[in-house]
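Beneath this line is the structure, given in structure tokens, with notes to follow.
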Amino acid sequence: MDETKTDYVLETKDLSVFYGDFEAVKRVSMKIPQNKIIALVGPSGCGKSTFLKSLNLMHDTAEGRSVTGEIMYQGININQRAINQYILRKKIGMVFQKPNPFKMSIQKNITFPLERHGLHDKEKLQEIVQDVLIKVGLWEEVKDKLSESALSLSGGQQQRLCIARVLAMEPDIILMDEPTSALDPISTKTIEMTLDSLKSQYTIVMVTHNLAQAARLSDYTAFFSYGELIEYNPTSKVFTDPDKELTNDYITGDFG
Ligand SMILES: Nc1ncnc2c1ncn2[C@@H]1O[C@H](COP(=O)(O)OP(=O)(O)OP(=O)(O)O)[C@@H](O)[C@H]1O
Ligand SMILES: [Mg+2]
């Protein structure tokens, strides 16, 4: 990483995640710069999802997991019991691999979480619905059927709706675990364009198995192997002149 840069929105220090005795993420220290897309890559089972989920404390809900080290966000270590996860997850949102809209109307998918957080002003809600659907490029496609079921949308549209739902919470950071791997190439392309347009306002940390996608889309790439962060550099460097041989083996497909 470029150590002169100071606009970090999140930073882990010696972050380890254990499942019982097994250390799935090993003392990872990583600074996440603002308004960038960061790709997490590496072989299956290397700890990408575990690391990603730990960033908004999703790990706390699973039994047998323990997390050591620090996750610094807005000047405090959020890896501690006193943190209100409900509020934190507004600021650090998550989009999953498989689109998971609620069994509700398109509009309600966005307004429901807002209402649960106490917003009931109908006009304001309407404004937010339009705003976030425009941001994910879905407005024109759905503006005439906002009260139809979200499940009537295509997979790619559903995923964009899920991103819109997260945006409505006004997050700083959006975590995504292989957000396009369940989608066809055209939907994938649309989502990539959406993410690219969002990074002027948000920081996106994204797990992807698709190295071409990481190369196309991300500003920084983190390569993990067996729970360790092997290399974390600007994406162009990782893909053309990596510091570590292990990274080179992986990106050239030589990984054993
Ligand atoms: N709930 C769990 N209980 C026990 N071990 C787990 C659990 N979830 C993951 N692991 C183990 O932790 C390690 C990291 O898993 P993780 O799912 O984070 O990998 P990943 O890099 O996301 O893999 P993939 O690319 O296949 O999604 C693996 O060895 C996995 O078997
Ligand atoms: Mg995973």
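The values are calculated or read from the model by the stated rules, or taken from the named source; none is laboratory data. Predicted, not measured: the structure shown is a model, and the values here were computed from it. We place every Cβ from the backbone using ideal geometry, glycine too, and count neighbours over all the protein chains shown.
For the stretch 28-45, the set of residues classified as within 15 Å of ligand 1 (Cβ to nearest atom) and farther than 17 Å from Asn233 by Cβ consists of Pro43, Ser44, Gly45, listed by residue number.
Being closer than 24 Å to Thr50 by Cα, in a helix (DSSP H, G or I), within 16 Å of ligand 1 (Cβ to nearest atom) and in contact (Cβ under 8 Å) with a residue 24 or more places away in the chain: is that true of Gln213 here? Criteria met by Gln213.
Note on the stretch 89-124: residues that are within 27 Å of Ser187 (Cβ to Cβ) and out of contact with any strand residue (DSSP E or B) (no Cβ under 8 Å at 6 or more places or on another chain) amount to 15. Within the stretch 54-68, the presence of at least one residue that is in a helix (DSSP H, G or I), among the aliphatic types (A, V, I, L, M) and surrounded by fewer than 21 Cβ atoms within 10 Å (Cβ to Cβ) is confirmed.
Every test in (1) away from ligand 2 (no atom under 16 Å from the Cβ); (2) surrounded by 14 or more Cβ atoms within 10 Å (Cβ to Cβ); (3) in a strand (DSSP E or B) is passed by Arg89 save one, and that test is (3). Within the stretch 21-42, one or more residues are in a loop (DSSP other than H, G, I, E, B), within 16 Å of ligand 2 (Cβ to nearest atom) and at pLDDT 95 or above. Once the stretch 133-151 is narrowed to residues that are free of Cβ contacts under 8 Å to residues at least 40 places away in the same chain and part of a loop (DSSP other than H, G, I, E, B), the residue that is farthest from Pro99 (Cα to Cα) is Asp144.
Does Gln97 satisfy the criteria of being of a type outside the set (Asp, Glu) and modelled with pLDDT under 95? Considered against the rule, which asks whether it is of a type outside the set (Asp, Glu) and modelled with pLDDT under 95, Gln97 comes out as yes.
Of the residues making up the stretch 85-99, those that are away from ligand 1 (no atom under 16 Å from the Cβ) and not charged (D, E, K, R) are Gln85, Tyr86, Ile87, Leu88, Ile92, Gly93, Pro99. For the stretch 196-210, the candidate set comprises residues that are closer than 13 Å to Val95 by Cα and within 16 Å of ligand 2 (Cβ to nearest atom); within that set, the residue that is surrounded by the most Cβ atoms within 10 Å (Cβ to Cβ) is Val205. Report yes if some residue within the stretch 174-195 is surrounded by fewer than 17 Cβ atoms within 10 Å (Cβ to Cβ) and within 16 Å of ligand 1 (Cβ to nearest atom); otherwise report no. Looking through the stretch 174-195, at least one residue is surrounded by fewer than 17 Cβ atoms within 10 Å (Cβ to Cβ) and within 16 Å of ligand 1 (Cβ to nearest atom).
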